[in-house]
1. Could you list all residues from region 3-29 that are under 15 Å from the mean Cα position of the chain (by Cα) and buried (at least 21 other Cβ atoms within 10 Å of the Cβ)?
2. Listed residues 196, 192; which is surrounded by fewer than 24 Cβ atoms within 10 Å (Cβ to Cβ) and in a loop (DSSP other than H, G, I, E, B)?
3. Among the candidates 161, 171, 166, single out the residue that is assigned to a helix (DSSP H, G or I), free of Cβ contacts under 8 Å to residues at least 12 places away in the same chain and closer than 25 Å to residue 13 by Cβ.
4. So residue 220 fits all but one of (1) assigned to a loop (DSSP other than H, G, I, E, B); (2) at pLDDT 95 or above; (3) surrounded by 15 or more Cβ atoms within 10 Å (Cβ to Cβ); what number is the exception?
5. Show me the helices (runs of 4 or more DSSP H) entirely contained within region 1-120 in which 3 or more residues are in contact (Cβ under 8 Å) with a residue 24 or more places away in the chain, in contact with a helix residue (DSSP H, G or I) (Cβ under 6 Å, 6 or more places away or on another chain) and closer than 21 Å to residue 249 by Cβ.
6. Test residue 251 against the criterion of being on the phi < 0 side of the Ramachandran plot, crowded, with 21+ Cβ neighbours inside 10 Å, assigned to a helix (DSSP H, G or I) and out of contact with any helix residue (DSSP H, G or I) (no Cβ under 9 Å at 6 or more places or on another chain), and give yes or no.
């Protein structure tokens with residue numbers, strides 16, 4: 001099958017085709033997801049919680065993501081591979097370029113960074129150096145202590161306006177993909193329609209250009225808890241391959257997430 005690229009993801013948005021994304025951390029699961037037809041695989045700093053048993057994502061290191069990115073790349077032929085930039089790994093320009101380079105060399109095709117308009121110059125610099133960037137707005141887990149917990153973002157009119165403005169600024173800076181996490185469905189729809197790049201939701205309703213789930217949540221085996229926005233497809237389908245196929249089918253048909261797995 002033809003390899004997924006930034007260009008083909010953009011074409012999917014333009015053609016109204018939903019994009020399917022899932023996290024993976026090793027070659028075996030990456031191969032399974034790839035063979036089932038997933039469009040993109042994210043090596044998320046979520047590994048801190050689902051693999052390491054941490055309370056949040058903050059302890060994850062660049063070397064952790066590099067290791068798991070190498071493993072995922074070994075199992076992937078078609079899917080687009082995105083690697084998270086961990087907490088405080090992009091605090092300065094020099095640090096950002098060094099760490100992004102390590103992730104790209106490990107096999108990523110794009111790096112993901114959490115934050116608003118303050119990242120604009122960073123995104124421009126990465127683009128100039130050949131590194132595509134996925135943004136992340138809404139509930140950004142690396143800022144959990146600023147938010148005071150894992151809480152829905154963008155419910156007030158002021159928050160919503162700021163998030164839309166920042167999304168547009170990041171797109172203008174060169175961001176090629178955006179993840180919206182735990183934001184009201186109506187706001188996610190508005191941002192998705194305002195941006196020309198693909199917007200991937202997690203707890204952001206079904207009106208984004210695609211969806212991403214943490215694989216351990218989708219399979220109902222997370223060490224800590226099951227988020228409201230996730231769905232246990234393994235319990236529904238009985239085996240992992242069928243669960244992934246069902247997830248892809250429901251996203252592409254617009255049936256997931258439903259109201260039960262979204263926020264107003």
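The values are calculated or read from the model by the stated rules, or taken from the named source; none is laboratory data. This is a predicted model, so every value here is computed, not measured. Note that we place each Cβ from the backbone using ideal geometry, even for glycine, and neighbour counts take in every protein chain shown.
1. 9, 18, 19, 20, 21, 22, 23, 24, 25
2. 196
3. Every option except 161 fails the conditions.
4. Going through the list (1) assigned to a loop (DSSP other than H, G, I, E, B); (2) at pLDDT 95 or above; (3) surrounded by 15 or more Cβ atoms within 10 Å (Cβ to Cβ), residue 220 breaks only (2).
5. 27-36
6. On the way: on the phi < 0 side of the Ramachandran plot: yes; crowded, with 21+ Cβ neighbours inside 10 Å: yes; assigned to a helix (DSSP H, G or I): yes; out of contact with any helix residue (DSSP H, G or I) (no Cβ under 9 Å at 6 or more places or on another chain): yes.
Yes; evaluated as a whole, the condition is true for this residue.
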